[in-house]
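The values are calculated or read from the model by the stated rules, or taken from the named source; none is laboratory data. Being a predicted model, the structure only gives us computed values, none of them experimental. Reconstructed Cβ throughout: ideal geometry from the backbone, glycine too, with neighbour counts over all protein chains shown.
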Amino acid sequence: MYKTRRLFQSVIMLVGGSMLLTSCFLKGINYPTSEHPGQLSTATGNLYNDGIHYEVKPYEGQPDAPNMVFIEGGRHVMGSFEEDMMTRRDNIERTISVASFYMDETEIANIHWLEYLFHLQQDSTPVNPNIYLEALPDTTVWEGKLAFNDPYVAHYLRYPGFRFFPVVGVTWNQAAKYSDWRTAAVNLRLNEESGGASNWSGAGRVPLEEGIFIPDYRLPTEAEWEYAAQAMMGTQWLDENQTHQRLYPWDGHATRNPYGKEMGYFLANFKRGRGDYAGIAGKLNDGALITSYIYEFPPNDLGLYNMAGNVSEWVQDVYRPLSFQDFDDLNPIRRDGWIDPDGASTNGPAYNNKKNNPTGYTSLIDDRARVYKGGSWKDVAYWMSPGTRRYLDQDSATATIGFRCAMIRAGSNF
C-alpha cells in the first residue's frame with residue numbers, strides 16, 4: 001500500500017511539474033495580440049507597414065466614450081418579478097445571456113439636447129432648416145387643460161436651472177437620431193485629438209479599422225436595459241451564486257433607504273400615491289414634483305443613476321406581447337414583427353390596429369410600437385421594477401419618457 005501511494009505521489013509530482021514547465025514555457029512566448037500584432041504576418045510571413053503589404057494601424061483598446069459605464073455581460077433571468085397587475089403576461093421569466101456593453105451613467109439631460117440643437121442649427125440651417133426644427137422636443141407635453149403647468153412648457157427645456165434634468169418630449173425617432181449625431185461628434189473629436197490620423201470628415205461610414213474611433217451610440221436593447229437596471233453583480237456570492245433576486249435596482253422590497261444616515265429617504269423619484277408627487281413641505285419624500293436632477297438618487301451597483309423613476313426610457317425593441325418566447329436567448333432583441341406580424345399573414349390573424357382598421361382599431365401594437373422601461377416621476381412604484389414594460393408609438397412624446405444611450409464592447413467575446 002505504501003509503495004502504491006508513493007508511486008501515485010511521484011506521478012502527481014511529475015504531471016504537476018510538467019504542467020508548471022509547460023505553463024512557464026507558454027508564458028515566455030510572445031503570441032501576437034490585437035494591441036501587439038508584431039511586424040510580420042503569421043499567415044504569410046509578409047512584413048506589415050512596409051508600404052507594399054497590409055498596413056496595421058496602432059490600437060490601444062476601445063477608446064473611452066463620454067458618460068459611458070462598462071457593463072460586464074453574463075447570464076441573466078429576464079422578466080418581471082412583480083405581480084402581473086395588468087394581466088398581460090408579456091414578460092415571463094426566462095434565462096438569457098447578454099454580451100458586455102457600455103451604458104450612459106445618466107439619462108440624457110436638457111443641456112445635452114441643447115448642445116445637439118446648437119450644432120444642428122450651425123450645420124444644417126443653411127442646407128435644410130427642417131433638420132433643426134424636427135429635432136426640437138415637444139414642450140407642449142407639459143400642457144394640461146385642468147392643470148397650471150405653463151411654467152414647465154415655457155422653461156423646462158431652456159431655463160438654466162433645468163440644465164441637468166432629463167430631456168423629455170422626445171420621440172423614439174428623435175432619440176435614435178441624437179445617438180447618430182453623438183457618434184459623429186465624439187469621433188470627430190477623437191480624430192482631432194489623434195492629430196488627424198484619419199481623413200474621415202464625419203460623413204459616411206466610420207472607419208473603425210483605424211483604431212481611434214468608438215462604435216455607434218444607440219438606444220439599448222430591452223434585454224441590456226433590464227440587465228443593467230437590476231445590476232445583479234451586487235448579489236454575487238462565491239462563484240456564480242446569487243443570494244437573491246431584485247424587485248428594484250436595489251436590494252429589498254421597499255422604496256426607502258434602510259441604511260445609515262440616509263435611512264428613510266426615498267431611493268427614486270416616483271409618485272407615492274394618488275395626488276402625492278413629493279410629500280409634505282418641510283420633509284418632501286422624494287424632493288421633486290416632476291423630474292429631478294440626473295444625479296439626485298444613489299446609483300445602482302453598476303454606477304448607473306435613475307434606472308428606476310425620474311423618467312421612463314426608450315429602448316430599441318419593437319413591442320410584441322410574446323417576445324419572451326420568440327427571441328434568441330443570446331443578446332435578444334425584437335426589431336420588427338417577424339414571426340408576429342402587425343398585418344394578416346399565414347402566421348395568424350392581424351392585430352386590430354390603426355393600419356388594418358383606421359376607424360375602429362382597438363390595439364396599438366404594430367411595427368412602430370416601441371418599448372419603454374423604468375417608471376417615471378408620474379408613475380407608482382409598480383412600474384419601477386425593471387421587468388415591467390410598456391409601449392408607445394415611435395413618433396409619440398410625453399413628459400414622462402426620456403432616454404440614455406448604450407454602446408457595444410467591440411473586440412470582446414464576453
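In segment 280-310, what residues are exposed (fewer than 15 other Cβ atoms within 10 Å of the Cβ) and small (G, A, S)?
Residues satisfying the conditions are A281, G282, G303.
Among all residue pairs at least 6 apart or on different chains, which show Cβ distances below 6 Å where the first residue, located in segment 384-400, is within 16 Å of I290 (Cβ to Cβ) and the second is surrounded by fewer than 21 Cβ atoms within 10 Å (Cβ to Cβ)?
A397/D138; A397/V141; T398/V141; A399/V141; T400/K378
Residues that are charged (D, E, K, R) and under 17 Å from K177 (Cβ atoms): does segment 85-101 have at least one?
Within segment 85-101 (the criterion being charged (D, E, K, R) and under 17 Å from K177 (Cβ atoms)), the answer is no, since none of the residues qualifies.
Report every pair of residues separated by at least 6 positions or lying on different chains whose Cβ atoms are under 7 Å apart, first residue within segment 238-262 and surrounded by 15 or more Cβ atoms within 10 Å (Cβ to Cβ), second among the small types (G, A, S) and not in a loop (DSSP other than H, G, I, E, B).
P249/A229; T255/A381
Just wondering, is there one or more residues in segment 90-105 that are over 29 Å from P298 (Cα atoms) and modelled with pLDDT under 95?
Of the residues in segment 90-105, the ones over 29 Å from P298 (Cα atoms) are 90.
Filter once more, so that each one left must be modelled with pLDDT under 95: 90.
Yes, there is a match, as at least one residue in segment 90-105 is over 29 Å from P298 (Cα atoms) and modelled with pLDDT under 95.
List pairs: first in segment 311-334 and outside any loop (DSSP other than H, G, I, E, B), second acidic (D, E), Cβ under 6 Å, 6+ apart or cross-chain?
Pairs found: V315/E222; D317/E222; V318/D336; V318/D367.
If you take the residues of segment 188-245 that are assigned to a loop (DSSP other than H, G, I, E, B) and of a type in the set (V, I, T), which of them is modelled with the lowest pLDDT?
If we take residues in segment 188-245 being assigned to a loop (DSSP other than H, G, I, E, B) and of a type in the set (V, I, T), then T243 is modelled with the lowest pLDDT.
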